Each structure stands twice: as C-alpha cells, then as structure tokens.
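Everything below concerns the one structure shown next.
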Amino acid sequence: MPDTYDRQPDPGVDAAGRSATGHHQASEALARSSSGMTAAKPDGSRPPIFVILISGTGSNMQAIVQACQSGACPANIAAVISNKADADGIVWAANAGVATSVVPHRAFPTREAFDLALAEEIDRHQPDYVLLAGFMRVLTSGFVQKYAGKLINIHPSLLPAFPGLHTHAQAIATGVQAHGCTIHFVTPVLDHGPVIAQGVVPVMHDDTPESLAARVLKVEHVMYPKVAAWLAEGRVSLLPDQRVEVKGVTSRLFSVETNGS
C-alpha cells in the first residue's frame with residue numbers, strides 16, 4: 001500500500017488477540033453466498049460506481065479521483081471512507097467534492113463488528129468496485145467473501161514476493177535488483193489473489209527504504225488510475241484458472257525509465 005503500511009496482522013483474530021471463531025453471526029452477516037470469485041461487471045447504462053477506502057493521506061486515492069474528474073477514468077467516486085477521523089485524505093477528498101465518511105475501527109470490540117459496520121457504510125453507495133488505497137486494516141474473510149470479485153488492493157511489492165509489512169526494507173535486505181507494486185483482487189489470504197497489474201522499478205545500490213518507497217510510489221500513481229479505468233470500462237475479467245485478462249491490453253506491466261547506470 002502507498003501510505004504508511006501498518007496493517008494489523010493475523011486476520012480472524014480480534015484486537016485483543018482472541019480467536020474469531022466465536023463470531024460466526026457477524027461473519028455470516030457479511031458473507032455472500034457464491035460458488036466462486038468473478039469480476040464485477042459494471043452496468044453499462046450508468047457510470048460505474050467506486051468506493052475508495054483509505055487510512056492516511058491516500059495519495060493513490062487522490063490520483064484516482066483526479067483521473068475520474070478529468071475524464072481519464074469513466075467512473076463515479078461515490079465516497080471515500082476512512083477508519084481514521086484524522087486521515088489527511090478525508091480532508092482532501094471533501095475539498096475535491098467527494099462524499100466522505102469515517103468508520104473508526106477502535107469504536108468496535110472485534111474485527112467482525114468493525115467490518116460489518118464498514119460494509120453497511122459501503123453498501124449505502126452500491127459500488128461496482130471497492131478500491132483499497134492505503135487502507136491499513138486486515139479484513140476478515142467474511143468481508144472479503146461479501147465483496148468477492150469487487151475488492152481491489154495495491155501492495156508495495158512484486159507479489160508473491162514480500163507480502164505483509166516493511167516490503168521496501170525486505171527488498172533492500174535480500175539484494176533484489178527489481179522491486180515494485182502489485183494491484184490484485186483481494187482474497188481471504190493476505191496479499192494474495194489474482195494479479196491485475198504490476199509496476200517495476202530498479203533498486204539502486206544506495207537506496208534506503210524511504211528512497212525506494214518514493215520511487216515505487218511514482219509508478220503506483222500511474223498504474224492505479226489506469227487499472228481503475230480498465231475496471232470502469234469493463235475490460236477486466238477473471239479466467240476460470242483465476243488468472244486475469246484485460247481486454248485490449250497486451251501488457252499489464254508498468255515501469256520507470258532507467259539508463260542502467
């Protein structure tokens with residue numbers, strides 16, 4: 001994710017470290033009966049509706065909103081929702097004329113209770129897709145299943161490499177020469193799911209986690225609005241083997257130029 005990446009680990013365990021197995025009612029309220037994940041198909045009679053979830057500055061959210069407002073992405077951003085009332089991105093979105101709301105996770109005793117409240121707020125807008133853009137909460141499997149095929153995330157690594165936290169530091173520590181970001185459908189397994197697009201950057205010999213993060217962020221700001229446009233245009237499909245196909249697109253790799261020096 002593009003902003004400070006501090007998601008809580010261990011989906012299915014609440015904030016007190018208790019097993020979520022005792023919260024079946026909330027999980028069942030969230031889960032949608034489905035035989036498998038299929039990509040959402042926006043109704044062609046209206047602009048597709050997106051809801052964006054953030055926890056901080058939401059720089060990728062800003063890039064997507066700007067793309068929609070300029071006409072580069074033919075979608076309607078119905079709302080930006082945050083789990084933090086002091087998120088800078090909420091102020092930015094409101095100033096940009098986008099509806100905003102806050103569902104504070106600390107107000108709920110369990111992850112399931114928070115996810116249920118979050119889903120209720122999302123469902124007020126009936127979105128075709130829910131885009132995670134620096135949303136720093138691990139979502140329960142019930143929530144993920146409810147929005148299967150409609151829930152999109154951006155992760156700051158070339159998945160399946162470096163899932164979880166501190167991806168830029170991991171890339172430097174392991175000595176990889178290429179690093180980047182991945183946009184993917186969300187599944188109950190953290191930082192997995194069918195890959196829609198990836199962005200790649202070089203890792204320089206003198207990189208710090210901060211300098212590498214800044215380089216990756218530049219690619220994210222190009223890639224996420226483009227993927228949002230593909231989704232809005234109905235180009236994105238999930239194949240039976242769970243690979244992604246984007247109609248009319250031969251390469252889904254984004255990069256920054258380097259002279260190799």
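The values are calculated or read from the model by the stated rules, or taken from the named source; none is laboratory data. Computed from a prediction, not measured in an experiment: that's the story for all the values here. So basically every Cβ, Gly included, is an ideal-geometry build from the backbone, and we count neighbours across all protein chains shown.
For the reader, a short list of remarks on this structure follows.
- Subset of segment 200-228 (residues that are over 18 Å from GLN66 (Cβ atoms) and touching a strand residue (DSSP E or B) at 6+ places or on another chain (Cβ under 8 Å)): VAL200, VAL201, PRO202, VAL203, LEU212, ARG215, VAL216
- The helices (runs of 4 or more DSSP H) found entirely in segment 1-95 that carry 2 or more residues being more than 24 Å from PHE185 (Cβ to Cβ) and at pLDDT 95 or above are 59-70, 88-95.
- Per-region count, segment 50-74, residues farther than 24 Å from ASP115 by Cβ and touching a residue at least 12 places away in the same chain (Cβ under 8 Å): 11
- Total residues in segment 156-184, condition surrounded by fewer than 24 Cβ atoms within 10 Å (Cβ to Cβ) and either touching a residue at least 40 places away in the same chain (Cβ under 8 Å) or over 18 Å from the mean Cα position of the chain (by Cα) (or both): 14
- Boolean, SER101 is of a type in the set (Ser, Thr, Tyr) and touching a Ser or Thr at 6+ places or on another chain (Cβ under 7 Å): no
- Failed condition for LEU231, given (1) among the aliphatic types (A, V, I, L, M); (2) in contact with a strand residue (DSSP E or B) (Cβ under 6 Å, 6 or more places away or on another chain); (3) within 18 Å of PHE162 (Cα to Cα): (3)
- When we screen SER70, SER59 for residues that are over 14 Å from the mean Cα position of the chain (by Cα), of a type in the set (Ser, Thr, Tyr) and more than 19 Å from PRO127 (Cα to Cα), the only hit is SER70.
- Meets criteria (modelled with pLDDT of 95 or more and either of a type outside the set (Val, Ile, Thr) or assigned to a loop (DSSP other than H, G, I, E, B) (or both)) for VAL98: yes
- Some residue of segment 131-147 being surrounded by fewer than 16 Cβ atoms within 10 Å (Cβ to Cβ) and not hydrophobic (A, V, I, L, M, F, W, C): no
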